[in-house]
Every structure is written in structure tokens, then in C-alpha cells.
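Written out below as C-alpha cells is the structure these notes cover.
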Amino acid sequence: MDAVIVGSGPAGWAAAAASRALGINVHLVAPDPEAAFTPTYCVWLDEVPLWRDVMAEIWPAVTVDFDRGAHRVERAYARFDNERLARRLRDDAKGTQLWPAAVESVQAEGDSLLVHLSDGRVRKTDYVVDCSGAGSSLVRREEGPPPAVQTAMGRVIRPASSGGAMDVPVLMDYRPVERSGPASFGYVLPFADGTMLVEETVLAARPAVAPEDLRPRLERRLEQYGLQDAEVVDTERVAIPMGAPLPMAEQPVVPFGAAASMVHPATGYSVGFVLRRAPLLAAALRRAAGDPDPVARATRVNRSVWTKALRRTRAMHALGLEVLLGLAPEQVGAFFASFFETPRWAWTAYLRTDAPVGRIAAAMTAAFARMDPESRRTVQEAIRARGVFEVGRSVWAA
């Protein structure tokens, strides 16, 4: 059995590693198959216990800060060491053949798929697993609202003195640095080498806020932390589509990772979910291999990647995203203050892409119950005004 995997990010290499573990012949196609992983990838450590050895930093807790006070969240948070993550995935994917090219089209012919490459070659294969990202031109998607976008402007800095250093990550600091425009929050990661990543982030907006537009807010956030004189080591810009429509099940390709909308609609995190889901993807490729129709094979796998249960969870997350987009900027911080005051089981479930839908609904109810009356009215108005129960209704009924 043969699979062409498109894309050389964590999703592509995770799919390759899991497929090779089951004896599938893998051809990985990307303009630069061994390109470095460059974004900052973080995760709650308890969601990926088998990947502890590829973490650059592990913090036992994080803090969240709002107008009504700050508190410490006792849950281990970690940052991937991108070089170690890439090395482990590529070691696990040993035997994968690398094709430095782009995929221009995929077509079904008989019992196979024909993959047309940018260098003129054509590869015959049983499966095409598309891990090329949210902007893939190979994926057909269901109807739905356009994605919101999480954007951030950040700097890796070296504080001028130890007085400005922090030793616990700041997951969200919603103390406003600007009263107009969309709500944004500070995000801080202190690294063991004495540097820090400080970002100003808009969690989700439609239309998107450009990262460069957040530069003045970042400057004021650094002043708020007493870090305005820190040495700038690097700059980071983030733009993550969130809540994109799911891929259609019936199509010749198998989307995976961001190409399959496997980005959490409320957080933007995806790598942990991809690492947990890759072995299930490979097992689904194996199970469907006996079907002689290549589109039917891909459809069976797609229904295993996005099961009915996961699609229902996704619909609830999409509902939460639409509610968030309906809040006034000054209410967003209050919303998250209420969110982190819910029991741990509630907010941890909501932040997990593959949590059971009942847990997601219970978490949303628990957060709603802790809001002040005005915020509750705003949420109810947002639900009515935006018709958010229509979001994913066909998915819920599937």
C-alpha cells in the first residue's frame, strides 16, 4: 500500500511516521521536505504525555490576569523543541521517500490516484494525505462561515535586568492596553536561556486584524511589564485561521492537520491534536485499503479522521467561537475570567479538541452561570443576532 503525503510540517511528518509504523510505503512531497519547523508550538503537557522528551520548556503552572485579578493555574504547560520534534518524527518515519516539489492536482484513475507534481512528474498512489495547511487548494470544504483569524505580534527579548524577568508563563493578560478596537491580551513565555517571548494577541476576529496593527499595543504591553528597554532578539508574527469549515468527506484526498481544519476554534492550538490523531489516521488508511475505488477509500478515511462524535464537538466549539465574536471588546476579558473560574474539569475539557461533546456543553454552561447578568444578556443576544445555532447544524444532525 502506497501513500503520498503532501506537506512537511508537524502534521505531514506525524502522518508519515504513523503510516510507516504500519508498514505503509510513504512518499512525502513538499518544496522543502526537510524544512525546519519555525513557529512556537505549545501544549498542555497532559495532552501529549508520550512527547515529553521533545519539549524545550516545561512549566508547572501558568497565570491568567484580568481586570478583576490574577490567579495561578496549576497545570503543566510546555513548549516543543522544534528541532527535537522534527528529528523524532523523521526518525520514526524512516524509509519515507522525499519528493522536493509541489502538488498541482490529484485525479482518480481506475483503482488509483494520479498525483501531478510541479516538476512534471506524475506519481501513482493509493492515497493522498494533504497536510499542506489551511490554504490548501486540493481540499473541498463544506459550506460555512469564513474562518476567524487569530493574530499576534511578538518579540523574543532579553530583559535588561533580572527585575523584569518572569518565571511563570502568562497565558492570558486581558488587562487592557488600549480601550478602542478589538480585545487583545498579553502572552508571555519565559525561557531557560534568559530570553522571553512576549506577544500581543487578538484571539479571534472576522475580518482579521493584521499582526502589524498590534505593534503599538505590544509596545504598551512591554511598558506594562517594565520590559520596554529589553534587547530584541527576534520578532514573531502569527496568523492562524480558526473555525474554518470542515473538509467534505467525499473527495479523493484525505486532509490532515490544518488542511483538515484540525485547529482548535477557541485557542488556535493544533500540534497536540495532530500527534494524538496520526496513529488513528494510519490505522484508517490500513482498514480502507481493500476498497477498489480510490475516492471511496479516501471517504472512509475522512469519516474516521472526523468522526460523528468529533464533528459534534467541533460544532459546539464553533458555537463558542461565534459567541466570542459577538462580545463587545470590554466583555471578552470578563468572559475568560469567568471561564477560568469554572471547575478544572470544565475548562480543560473545553480547551481539548477531542473532548466529548457533553463535556463541552457542560463547560459552556458552567462558564455562562458564572458571568455577571449583563454579560449573560450579551451572550444571549449574540446567539440570537448571529444565528450561531445554525453553525454546524448539519454536522450535528449527521
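Key figures for this structure:
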item	result
Pick from segment 185-220, criterion among the small types (Gly, Ala, Ser) and more than 18 Å from the chain's Cα centre (by Cα), ranking: surrounded by the most Cβ atoms within 10 Å (Cβ to Cβ)	186
Selection within segment 149-182 - at pLDDT 95 or above, closer than 27 Å to residue 133 by Cβ and of a type outside the set (S, T, N, Q)	149, 152, 153, 154, 155, 156, 169, 171, 172
Tabulated pairs, segment 322-335, first more than 13 Å from residue 377 (Cα to Cα), second modelled with pLDDT of 85 or more and of a type in the set (Lys, Arg), C-beta under 9 angstrom, 6+ apart or interchain	325/206; 333/175
Residue 378 crowded, with 19+ Cβ neighbours inside 10 Å, out of contact with any Pro (no Cβ under 7 Å at 6 or more places or on another chain), polar (S, T, N, Q) and part of a helix (DSSP H, G or I)	yes
Some residue of segment 285-304 being touching a strand residue (DSSP E or B) at 6+ places or on another chain (Cβ under 7 Å) and under 30 Å from residue 376 (Cβ atoms)	no
Members of segment 71-114 that are surrounded by 16 or more Cβ atoms within 10 Å (Cβ to Cβ), over 20 Å from the mean Cα position of the chain (by Cα) and within 13 Å of residue 13 (Cα to Cα)	88, 90, 92, 93, 96, 98
Given (1) modelled with pLDDT under 95; (2) touching a Ser or Thr at 6+ places or on another chain (Cβ under 9 Å); (3) aliphatic (A, V, I, L, M), index of the condition residue 227 fails	(2)
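To keep it simple, each residue is scored yes or no on (1) in a helix (DSSP H, G or I); (2) modelled with pLDDT under 90; (3) in contact with a Pro (Cβ under 7 Å, 6 or more places away or on another chain).
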{"position": "292", "(1), (2), (3)": "no, no, no"}
{"position": "301", "(1), (2), (3)": "yes, no, no"}
{"position": "311", "(1), (2), (3)": "yes, no, no"}
{"position": "315", "(1), (2), (3)": "yes, yes, no"}
{"position": "323", "(1), (2), (3)": "yes, yes, no"}
{"position": "330", "(1), (2), (3)": "yes, yes, no"}
{"position": "336", "(1), (2), (3)": "yes, no, no"}
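So that you can scan it fast, the table gives a plain yes or no per residue for (1) farther than 18 Å from residue 279 by Cβ; (2) not charged (D, E, K, R):
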site: 12; (1), (2): no, yes
site: 34; (1), (2): yes, no
site: 39; (1), (2): yes, yes
site: 43; (1), (2): no, yes
site: 68; (1), (2): yes, no
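The values are calculated or read from the model by the stated rules, or taken from the named source; none is laboratory data. As the structure is a prediction and not an experimental result, all values here were calculated from the model. With ideal geometry, Cβ positions are generated from the backbone for all residues, glycine too; neighbour counts draw on all protein chains shown.
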